[in-house]
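This report refers to the structure that appears directly beneath it.
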Amino acid sequence: MKHNFGAGPCILPAVVLDQAADAVRNFNGIGLSVLEISHRTPEFEAVINETQDLVRELLGVSADYSVLFLQGGASTQFSMLAMNFLQQGKKAAYLDTGFFSLKAIKEALFYGEVEIVASSKDKNYYYVPKAYQIPADAAYFHYCSNNTIEGTEMFSVPNTNVPVICDMSSDIFSRKIEVGDFDLIYAGAQKNMGPAGMTLVVIKNSLLEKIETDMASMSDYRIFRDNNSMFNTPPVFSIYVAMLNLRWLKEKGGVPQQEIENIAKAELLYNEIDRNSLFYGLADPADRSRMNVTFKAKDLDLESKFLDFATAQGMVGIKGYPSAGGFRVSLYNALPLSSVEALVKCMQDFEVEHLNKKVSFENKATV
Ligand SMILES: *Cc1c(COP(=O)(O)O)cnc(C)c1O
């Protein structure tokens, strides 16, 4: 039995995988695979419309917003949003909270000026800056609500009069949000929504009115809005599996129920990290992510030993991001509490084994 703590693409519910497998063989009993049907068929139109409806229902998206399914991952949004909303001679405000926020900043710099309103780089991004000013003349304010690599999360939305743009790739659908607090939300699908290949964009219609320039069609949000995300061939299979996954989420009680489970999973793991004498958490306790838990072994030698120990017991994807080291355990929606229980037991067993070894070594040393 494997416990999949991978950071993305990541675990999906088993029932979703079964349904997706069935549809690959025979979609809705029509005698064709979901991979073979045209996106211009009534069958696929029903899929894309239901997926949009589920996004609206589960996140509480009003008619003031458009729901788009794009390609190119969240990384394409880094430049696309700047292309649409930042012009030369203007500036945008960014909060620098880690790896992905920096990537977003780098891409925006191709299109205009960036003012970094605050950064947590001074402490390796293991906290979220709290006090900063967002300039009132900024074209928009951009931040990342969950820092997938560093393991920090922002639970409140900064107060500002400029449009708020948020990268929610790794915590969308994991907790309740007020969509009205945002002007543009984007998320790569492969963490809490479905397989890789699709990017969700929820954009306020009034923000679309602010686009001043024309640009290449594939970069223009208006083109996708006007064509129901089907200006070109959309990622048909990714959208289909996302629909199945969102149905699963709705059936279990939606985002509020999921949030309760996610809090329980995160608490269980953080409590063990804090209790266990061999490990310590990396993120500031006030800013700990519920989706990506980062920690290290106090004794560096124990890192690879624990990795081997845990791997032998079926734990998958717990190694930290290469540049960060240590461990990063992802607790996305589809991960059951029982997997966290298994990991916690693994940490406890490892501690007992290690402390026993140490005692027998010290006994020998004193003889
Ligand atoms: C994974 C991730 C990205 C990158 O997504 P791609 O789809 O690979 O481009 C960007 N931002 C955050 C917060 C992420 O977790």
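The values are calculated or read from the model by the stated rules, or taken from the named source; none is laboratory data. This one's a predicted model, so the numbers in the text were calculated from it and none came from an experiment. When we count neighbours, we look across all protein chains shown, and the Cβ atoms used for this are built from the backbone with ideal geometry, even at glycine. Accessible surface areas use protein heavy atoms only, side chains included; no ligands, DNA or RNA. Shrake-Rupley method; radii C 1.70, N 1.55, O 1.52, S 1.80 Å.
Yes/no per residue for (1) open to solvent by 10 Å² or more (accessible area, probe 1.4 Å); (2) farther than 22 Å from VAL293 by Cα; (3) of a type outside the set (Val, Ile, Thr):
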{"site": "GLU209", "(1), (2), (3)": "yes, yes, yes"}
{"site": "GLU212", "(1), (2), (3)": "yes, yes, yes"}
{"site": "MET243", "(1), (2), (3)": "no, yes, yes"}
{"site": "GLU261", "(1), (2), (3)": "yes, no, yes"}
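For the condition within 16 Å of the ligand (Cβ to nearest atom), within 21 Å of ILE48 (Cα to Cα), open to solvent by 20 Å² or more (accessible area, probe 1.4 Å) and of a type in the set (Lys, Arg), what is the one hit in LYS250, LYS191, LYS204? Step through it out loud before you land on a result.
Working: LYS250 fails: within 16 Å of the ligand (Cβ to nearest atom); LYS204 fails: within 16 Å of the ligand (Cβ to nearest atom).
When all the criteria are applied, what remains is LYS191.
Looking for something in contact (Cβ under 8 Å) with a residue 60 or more places away in the chain, surrounded by fewer than 18 Cβ atoms within 10 Å (Cβ to Cβ) and among the acidic types (Asp, Glu) - is there at least one such residue anywhere in segment 220-232? First the steps, then the outcome.
Quick first cut of segment 220-232, residues in contact (Cβ under 8 Å) with a residue 60 or more places away in the chain only: 220-221, 224-225, 228-230.
With surrounded by fewer than 18 Cβ atoms within 10 Å (Cβ to Cβ) added as a condition, the list becomes 225, 228, 230.
Imposing the further condition that a residue be among the acidic types (Asp, Glu) reduces the set to none.
Scanning segment 220-232 turns up no residue that is in contact (Cβ under 8 Å) with a residue 60 or more places away in the chain, surrounded by fewer than 18 Cβ atoms within 10 Å (Cβ to Cβ) and among the acidic types (Asp, Glu).
Exactly one condition in (1) closer than 30 Å to GLY317 by Cα; (2) in contact (Cβ under 8 Å) with a residue 24 or more places away in the chain; (3) not in a loop (DSSP other than H, G, I, E, B) is not met by GLY8; state its number.
(3)
May I ask you to list pairs of residues, at least six apart or on different chains, whose Cβ atoms are under 8 Å apart, with the first in segment 187-207 being free of Cβ contacts under 8 Å to residues at least 60 places away in the same chain and of a type in the set (A, V, I, L, M, F, W, C) and the second being near the ligand (Cβ under 10 Å from one of its atoms) and not in a loop (DSSP other than H, G, I, E, B)?
Sorted first by the residue in segment 187-207, then by its partner, the pairs are ALA189/THR199; MET193/ALA187.
Among the candidates ILE149, ILE177, which residue alone is in a loop (DSSP other than H, G, I, E, B), surrounded by fewer than 24 Cβ atoms within 10 Å (Cβ to Cβ) and near the ligand (Cβ under 10 Å from one of its atoms)?
Details: ILE177 fails: near the ligand (Cβ under 10 Å from one of its atoms).
Exactly one residue qualifies, and that residue is ILE149.
Consider only pairs whose beta carbons are under 8 Å apart and that are at least six residues apart or on different chains; among these, list those whose first residue lies in segment 25-45 and is in contact (Cβ under 8 Å) with a residue 60 or more places away in the chain and whose second residue is among the aliphatic types (A, V, I, L, M) and open to solvent by 60 Å² or more (accessible area, probe 1.4 Å).
Listed pairs, sorted by first residue: ILE37/ILE30.
Say we look at segment 124-146 and pick out the residues that are hydrophobic (A, V, I, L, M, F, W, C) and under 21 Å from SER206 (Cβ atoms); which of these is farthest from the ligand (Cβ to nearest atom)? Even if it seems obvious, please write down each step before you answer.
Quick first cut of segment 124-146, residues hydrophobic (A, V, I, L, M, F, W, C) only: 128, 131, 134, 136, 138-139, 141, 144.
Keeping just the survivors that are under 21 Å from SER206 (Cβ atoms) gives 134, 136, 138-139, 141.
Numbers: ILE134: 20, ALA136: 27, ALA138: 21, ALA139: 20, PHE141: 16 Å.
Taking the candidates together, the pick is ALA136.
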